[in-house]
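K.L.:
Quick one: structure below, then a few questions.
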Amino acid sequence: MSGDIATSASARRVNATRVLETLRERPPELGDMSSNELMDATGMSRPTVLAASEHLVRLGWAQESSDRSAGRLSGRGRPSRYFSFAATAGYVLGVDIGAHSVRVTLADLHGTPVQERQHLFDDPAIAAERRLTRVREFTADTMRIAGLTTGQILAVCIGTSGTVDAEGIVRRRTGIPGFLDVDVRAALAPDFTSHVYVENDCNLALIAERWKGRAIAAQDVACLLAGERLGVGLCAAGTLVRGHDNAARDLGFLSLMGDFSGADAIAARARDQGVLLVAELSARGGPLTPSAPGAELYALAEGDPHRVTAAHVFEAARRADAAAAPMLDTALEAAARAIATIGMLLAPELVVLTGAVAAAGDVLLPPLRRRIAELAPRPPRVEASPLGENAVVTGAVRLALDAAHAYYLAPLVPAPNTVVGRD
């Protein structure tokens, strides 16, 4: 008898899991699914589908649409019942900690954002302890605005630059001042009752590109973050490449190529070049004519070198400022060498330029592709991400969703705040 009970419980779990996955995969815009649609999608009988769906409702992972179910006949002569995945039975939190800002996204279990916010740090060189305190305060405020409590958060993923070990400690090559050897997980985990993960920002950008970005259909991909520092996320045969100590993204080899480094990122170099040019023109009293090299950039920065941003340099290039092209060549050199080297070693089918600089893909990609073609015999395809500044936080949401599935949905434990009686 006990064996029959175990077999019955096991079969019920398998059936419920199949129905749950079917409901989860249903795009939210298509609405709920009828019992007949579930039968067709799963290949299970009507009694089995209904039993599994009712079990999921009791667990809190599915909900039944009573207004559509009542008295409505299906094409098979029986009243149809309608079910949907309870995407708001729990939530996940993605956090992207950078040198200049922190981004936070709260999302439901479909991955649909319910709150997205950004906070700029007054001082990019803020001490690590103070930075983490600001992150904690900002995250708590974001949950308060969304009307959520920590008990409703099933998983949290925090992205940061640098090599992150299994314990969530930043070990080396971070672009955030004072963040070396900082235990990010220990600092933020006490604020939550859920699972908390810390991951390298380049890896998260890659995860985001394969979920919602440019690399959805790609299996062998490199994802280059190129704002303030150069970093890369790697994917081979559909699997994230971590390497020993999670250090596979280390671009330290750039130092062997004319003394480049990870600090030679596209945005940082473009801004530095722009500052020098505007300062030089300002010292002369401004450009000689409106069409003189640097005139467009000078106007965008209002003649003040302190106002120059990478976006100004990119916009000057769009306006055909004659000084912009050589500045872009200089700014792109380290990135081109990194991509060419990765292309020769790993032969990715696609390299995605991601982060904030991706918005300038129209002016960056042509010279970048040309330079890579000069350096590599078989240059990879290079594209700009549509995710822009949200790439890292989007990847954090995806990783948190995967964790929520592994710890809550896959084992079919009750959803938070769900009281489950005996079947």
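K.L.:
Give the residue from I176, L188, V156 lying farthest towards the positive end of the charge dipole for the chain; charges sit on Cβ (+1 for Lys and Arg, -1 for Asp and Glu) and the dipole is referred to the Cα centre.
P.N.:
It is V156.
K.L.:
Tell me, what is the percent relative contact order of the chain, built from C-alpha pairs under 8 Å that lie six or more residues apart? The partial results should precede the final answer.
P.N.:
Details: 810 pairs, mean separation 66.9, N = 423.
Relative contact order comes out at 16 percent.
K.L.:
In terms of the ratio Rg/(2.2 N^0.38 Å) built on C-alpha atoms, what value belongs to the range 183-223? Before the final figure, lay out each step's value.
P.N.:
Numbers: Rg = 13.8 Å, N = 41, 2.2 N^0.38 = 9.0 Å.
Its radius of gyration relative to the 2.2 N^0.38 Å reference: 1.53.
K.L.:
Can you pull the Kirkwood radius for the range 200-296, inverse mean 1/r over Cα pairs, to one decimal in Å?
P.N.:
Values: mean 1/r = 0.0629 Å⁻¹.
Evaluated over the range 200-296, this radius sits at 15.9 Å.
K.L.:
Here is a follow-up. If you stretched the chain out fully between Q219 and A373, how much longer would it get, using 0.36 nm times the residue separation minus the C-alpha to C-alpha distance?
P.N.:
Details: separation 154, 0.36 × 154 = 55.44 nm, distance 2.21 nm.
In short, 53.2 nm is gained.
K.L.:
Okay, moving on. Please state the relative contact order of the range 225-289 as a whole percent: Cα pairs under 8 Å, 6+ residues apart?
P.N.:
Numbers: 56 pairs, mean separation 22.8, N = 65.
Dividing the mean separation by the residue count of the range 225-289 yields 35 percent.
K.L.:
Moving on to the next point. If the only charges are +1 at each Lys and Arg Cβ and -1 at each Asp and Glu Cβ, what is the size of the charge dipole of the chain around the Cα centre, to the nearest 20 debye?
P.N.:
Details: 43 positive and 48 negative charges, 224 e Å.
For this selection, approximately 1080 debye.
K.L.:
Okay, moving on. Could you work out how much longer the chain between L180 and A322 gets when fully extended? Use 0.36 nm per residue separation minus the Cα distance between them, nm to one decimal.
P.N.:
On the way: separation 142, 0.36 × 142 = 51.12 nm, distance 4.07 nm.
Additional length available on full extension: 47.0 nm.
K.L.:
Related question: Using DSSP to define loop residues, name the GluC sites (Glu not before Pro) in the range 290-319 whose beta-carbon has at most 15 other beta-carbon atoms within 10 Å.
P.N.:
Values: sites: E296, E302, E315; in loops: E302.
Sparse-neighbourhood loop GluC sites (Glu not before Pro): E302.
K.L.:
Give the calculated FRET efficiency between E280 and D259 to the nearest 0.05, with a Förster radius of 30 Å applied to their Cβ-Cβ distance.
P.N.:
Details: r = 24 Å, r/R0 = 0.79.
Efficiency, from the Cβ-Cβ distance: 0.80.
K.L.:
Could you work out how much longer the chain between S66 and T309 gets when fully extended? Use 0.36 nm per residue separation minus the Cα distance between them, nm to one decimal. Walk me through the numbers on the way to the answer.
P.N.:
Numbers: separation 243, 0.36 × 243 = 87.48 nm, distance 5.54 nm.
Answer, rounded to one decimal: 81.9 nm.
K.L.:
Report the Cα centroid-to-centroid distance between the range 336-391 and the range 137-213 in angstrom, as an integer.
P.N.:
When both Cα centres are located, 27 Å separates them.
K.L.:
Which of the peptides 99-109, 198-208, 317-327, 23-33 is most tightly packed, and how do the rest follow, going by the mean number of other Cβ atoms within 10 Å of each residue?
P.N.:
Descending packing order for the listed peptides: 198-208, 99-109, 317-327, 23-33.
K.L.:
Then there's this: Label points 7 Å out from Cα along the Cβ direction at T239 and R46: separation in nm?
P.N.:
4.6
K.L.:
Right, something else. Any chance you could list P(r) for the range 31-178, counting all Cα-Cα pairs in 10 angstrom bins from zero, rounded to whole %?
P.N.:
10, 29, 22, 16, 14, 8, 2
K.L.:
Once amide H atoms are built 1.01 Å from N in the peptide plane, which residues 5 or more positions from G175, or in another chain, come under 5 Å H to H?
P.N.:
Residues meeting the amide H criterion: S161, G162.
K.L.:
Report, in debye and to the nearest 20, how large the dipole of the range 163-316 comes out about its Cα centre when Lys and Arg carry +1 and Asp and Glu carry -1 on their Cβ.
P.N.:
Numbers: 14 positive and 20 negative charges, 52 e Å.
Approximately 260 debye in magnitude.
K.L.:
So I have (1) 26.0; (2) 20.2; (3) 23.1, and one of them is mean projected area of the Cα convex hull in nm² calculated from this model. Which one is it?
P.N.:
Step by step, mean projected area of the Cα convex hull in nm² for this structure corresponds to label (1).
K.L.:
Ok, one more. Take the Cβ-Cβ distance between S10 and T133 as r, set R0 to 41 Å, and report the resulting FRET efficiency rounded to the nearest 0.05.
P.N.:
On the way: r = 48 Å, r/R0 = 1.17.
The value I calculate is 0.30.
K.L.:
Hey, what angle do you get for helix 361-375 against the long axis of the chain, alpha-carbon based, 0 to 90 degrees rounded to 10?
P.N.:
That helix lies at roughly 70 degrees to the long axis.
K.L.:
Give me the percent of accessible area attributable to carbon and sulfur for the chain, probe 1.4 angstrom.
P.N.:
On the chain, the fraction of accessible area on carbon and sulfur atoms equals 52 percent.
K.L.:
Using a basic spin-label model with each label point 7 Å from the Cα along Cα→Cβ, how many nm lie between V413 and E167?
P.N.:
2.5
K.L.:
Could you compute the net charge surrounding A41? Neighbours are other residues with a C-beta less than 10 Å from the C-beta of A41; K and R count +1, D and E count -1. If you can, show how the numbers build up before the last one.
P.N.:
Details: positive: R18, R26; negative: E21, E25, E37, D40.
Once positives and negatives cancel, what remains is -2.
K.L.:
A follow-up question, please. So for each of 271-281, 84-94 I average, over its residues, the number of other beta carbons within 10 Å; can you give me the resulting order with the highest mean first?
P.N.:
Values: 271-281: 20.1, 84-94: 23.1.
Packing proxy ranking, top to bottom: 84-94, 271-281.
K.L.:
Along the charge dipole of the chain, Cβ charges K/R +1 and D/E -1, which of N200, F85, L281 sits furthest on the positive end?
P.N.:
My answer, from the dipole projection, is F85.
K.L.:
Please work out the Kirkwood hydrodynamic radius for the range 141-250, using every pair of different C-alpha atoms, and report it in angstroms with one decimal place.
P.N.:
That comes to 15.0 Å for the range 141-250.
K.L.:
Continuing with this model, one more query. What nm value, rounded to one decimal, do you get for the distance between D141 and D402 when each label is placed 7 Å out toward the C-beta?
P.N.:
3.2
K.L.:
Still on this model: Taking only protein heavy atoms into account and a 1.4 Å probe, give the accessible area per residue of the chain in Å². Show your work: numbers first, answer last.
P.N.:
Numbers: 19080 Å² over 423 residues.
On a per-residue basis, the chain sits at 45 Å².
The values are calculated or read from the model by the stated rules, or taken from the named source; none is laboratory data. Remember, it's a predicted structure, so these values are computed and weren't measured experimentally. Note: ideal-geometry Cβ built from the backbone for every residue, glycine included; neighbour counts use all protein chains shown. The protein model used for the area step is the full one, side chains on, heavy atoms only, and it has no ligands, DNA or RNA in it. Shrake-Rupley method; radii C 1.70, N 1.55, O 1.52, S 1.80 Å.
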